[in-house]
């Protein structure tokens, strides 16, 4: 008989208690992660909480939102968690929060609005953010006024056209994403900042920043560059002056580059595994012609998502350690939730709804198209279905990450009273075990992975809206919800 964990909700005197029983006589040995160097990309193994009963530890609200941003909503890229705190990026600010304090621990003002981030974090809690170029704009405006005063008083049509073009270029330069900053997430300290070389064409959402061991890599469609993590020293660059150009990178345990060659009408996409410190290719995989878009799902194991049309993913392709083709997994239209296409962020390393493990990948069916949804696992070598994890009626289930050989998934509350849950799913046996159970307040669509970043780190789960929106009425009027977080008691 399979061990079954039963969670019972007992409401007594206004309190909520969780009773958990498991018929396993001996607890399984907890998996442990191998020691990592500071410059390694974090690869942690989650430890099962002492009790799955959850409590609120992060409740971040952006007060006077309209006053600060001069509008009702704003894109909010960037949400990270370490074992010490939770960090949120909003506008040109990073804010750090200690668990259970319910107020910001530190705030770091950046030189411009955040236009791209990476989900990767180093083993010692550092990450990279790409910023809009907003420096020295006043100086440029003053210089233009001086130049205008020295020019001829008579205006010609040619001069007017040139002025309009210059103004257009200045407006683009002002918002180009050419500043790269490296941040300590535990303290909020900016460790270094550099300006990307020859990156005038770097505009969101065509920019992409990621990290592999010891290296921060950036691409913007017309060029790419990599920097050393320690000091921000440039390691290598490519200006894309030939027929091929780097569209973006995927980081983590390895560094993959997505390259497009030829014209836009019939592009040839290539995926290369690069040595992070030199940019030299170790292998190259050519994607079949006729593909309209390619996403880099995972660098190790290497998994690609391709679209035969404009945006929707139609197939997943798995590669081996040498970059050779292994298998194709069909993704019928509107059947699965891949979450790859996001119109306001980089479209290369963005498939956060597809979870890749050592031997299998996991993807959920789209509950918006079906009465109920489920998670399907596929073998990376063969592309064949391995297992189906069913959800409960009218309760969607979403894969979050693989940890210690188990798939951790999120299931929201059914009615606002029953708990939301993080579940531990065993790919070998199909066994489902509660990992974390918590009450989720009704504050927008936080539980929808299309609209929120959902992070699981160090036994805690966090919900961060991809767009902050001010409440128009009620007790939260004028305030935008920035994030919620829960941990085991």
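Data for the structure
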| read-out | value |
| --- | --- |
| Any hit, region 302-312, residues being in contact with a strand residue (DSSP E or B) (Cβ under 7 Å, 6 or more places away or on another chain) and in contact (Cβ under 8 Å) with a residue 60 or more places away in the chain | yes |
| Where residue 213 falls short, out of the listed (1) in contact with a strand residue (DSSP E or B) (Cβ under 7 Å, 6 or more places away or on another chain); (2) under 20 Å from residue 113 (Cβ atoms) | (2) |
| Subset of region 200-214 (residues that are surrounded by fewer than 24 Cβ atoms within 10 Å (Cβ to Cβ) and at pLDDT 95 or above) | 213, 214 |
| Conditions (1) more than 22 Å from residue 254 (Cα to Cα); (2) within 21 Å of the chain's Cα centre (by Cα); (3) in a loop (DSSP other than H, G, I, E, B); number of the one not met by residue 49 | (2) |
| Qualifying residue in region 464-475 (condition: assigned to a loop (DSSP other than H, G, I, E, B), under 21 Å from residue 69 (Cβ atoms) and modelled with pLDDT of 90 or more) | yes |
| Residue check, residue 390 modelled with pLDDT under 95, over 26 Å from residue 102 (Cα atoms), surrounded by fewer than 22 Cβ atoms within 10 Å (Cβ to Cβ) and in contact with a strand residue (DSSP E or B) (Cβ under 6 Å, 6 or more places away or on another chain) | yes |
| Members of region 70-94 found to be outside any loop (DSSP other than H, G, I, E, B) and either over 18 Å from residue 470 (Cα atoms) or out of contact with any strand residue (DSSP E or B) (no Cβ under 9 Å at 6 or more places or on another chain) (or both), listed by number | 79, 80, 81, 85, 86, 87, 94 |
| Residue within region 20-38 that is modelled with pLDDT under 85, over 29 Å from residue 229 (Cβ atoms) and in a strand (DSSP E or B) present | yes |
| Residue within region 356-363 that is assigned to a loop (DSSP other than H, G, I, E, B), modelled with pLDDT of 90 or more, out of contact with any helix residue (DSSP H, G or I) (no Cβ under 9 Å at 6 or more places or on another chain) and surrounded by fewer than 17 Cβ atoms within 10 Å (Cβ to Cβ) present | yes |
| Positions within region 192-215 being under 22 Å from the mean Cα position of the chain (by Cα) and under 21 Å from residue 342 (Cβ atoms), in sequence order | 202, 203, 204, 205, 206, 207, 208, 209, 210, 211 |
| First in region 335-363 and on the phi > 0 side of the Ramachandran plot, second anywhere and buried (at least 23 other Cβ atoms within 10 Å of the Cβ) and part of a loop (DSSP other than H, G, I, E, B), Cβ under 7 Å, 6 or more apart | 339/351 |
| Condition check for residue 481: over 21 Å from residue 357 (Cα atoms), modelled with pLDDT under 95 and part of a strand (DSSP E or B) | yes |
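The values are calculated or read from the model by the stated rules, or taken from the named source; none is laboratory data. Since this is a predicted model, take the numbers as computed values, not measurements. Please note: Cβ atoms are built from the backbone with ideal geometry, for glycine as well, and neighbour counts cover all protein chains shown.
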